[in-house]
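Asker: Take this structure, written in structure tokens, and hold onto it; I'll ask about it next.
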Amino acid sequence: QVQVVESGGGLVQAGGSLRLSCVASGTAYSISNMGWYRQAPGKQRELVAIITSGGSTNYGESVKGRFTVSRDNGKNTVYLQMNSLKLEDTAVYYCTALVLFRYYWGQGTQVTVSS
């Protein structure tokens with residue numbers, strides 16, 4: 001059973017930075033895409049950033065130019081560097097990993113941006 005565990009969330013002031021990490025474990029198969037989604041209260045879950053095993057990336061429009069996704073394939077780990085954080089970035093951030101055509105999800109980590 002694939003497990004996905006996020007870390008690094010917390011409280012940060014607007015304009016600040018935060019780095020999230022996520023490790024996927026429990027599989028002998030290669031992990032294709034890894035990435036991040038987020039969900040704010042009363043809103044639908046939205047794409048933050050996805051990265052393929054080859055390093056290609058895709059970002060949600062609201063985070064382009066501020067967030068950077070990266071990964072360490074050897075460690076089955078994906079990172080999300082978040083800079084210039086805004087109040088509207090406050091959400092639960094979920095990590096996801098694609099293994100054998102199935103997406104596995106973490107429990108989420110809270111990111112709160114204060115004024």
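The values are calculated or read from the model by the stated rules, or taken from the named source; none is laboratory data. All of these numbers come straight from a predicted model, not from anything done at the bench. Here the Cβ positions follow ideal geometry from the backbone for every residue, glycine too, while neighbour counts run over all protein chains shown. Accessible surface areas use protein heavy atoms only, side chains included; no ligands, DNA or RNA. Shrake-Rupley method; radii C 1.70, N 1.55, O 1.52, S 1.80 Å.
Asker: For a Förster distance of 35 Å, can you work out the FRET efficiency between the beta-carbons of Ser114 and Ser53, rounded to the nearest 0.05?
Answerer: 0.45
Asker: When only alpha-carbon atoms are used, what values of Rg and Dmax, in angstrom, describe segment 35-108?
Answerer: In order Rg, Dmax, the Cα atoms of segment 35-108 give 12.2, 37 Å.
Asker: Quick one: which residues, 5+ away or cross-chain, put their amide H under 5 Å from the amide H of Lys86? H built at 1.01 Å from N.
Answerer: When sequence neighbours closer than 5 places are left aside, the close amide H contacts are Gly15.
Asker: A further question on this structure: Hey, rough spin-label estimate for Ser62 and Gln81, points 7 angstrom out along Cα→Cβ, what's it come to in nanometres?
Answerer: A separation of 2.3 nm, rounded to one decimal place.
Asker: Then there is this: Across segment 23-40, in residue order, what do the Karplus-derived ³J(HN,Hα) couplings come to in whole Hz, using 6.51 cos²θ - 1.76 cosθ + 1.60 with θ = phi - 60° and x for Gly and Pro?
Answerer: Once θ is set to phi - 60°, the couplings for segment 23-40 become 10, 9, 9, x, 9, 9, 8, 5, 9, 6, 7, 9, x, 9, 10, 9, 9, 8 Hz.
Asker: Only sites in a loop by DSSP and with at most 15 other Cβ atoms within 10 Å count here; which trypsin sites (Lys or Arg not before Pro) in segment 1-94 make the cut?
Answerer: Answer in residue order: Lys43, Arg45, Lys64, Arg66, Lys86.
Asker: Can you spot the lysines whose alpha carbon is less than 24 Å from Lys43's alpha carbon? Ignore those fewer than 8 places along the same chain.
Answerer: Lys64, Lys86
Asker: If you put +1 on each Lys and Arg Cβ and -1 on each Asp and Glu Cβ, how big is the dipole of the chain around its Cα centre, in Debye rounded to 20?
Answerer: Using Cβ point charges on Lys, Arg, Asp and Glu, the chain gives about 60 debye.
Asker: Which value, in Å² and to the nearest 10, is the accessible area of Val12 when all protein chains are kept and the probe is 1.4 Å?
Answerer: That residue has around 20 Å² of solvent-accessible surface.
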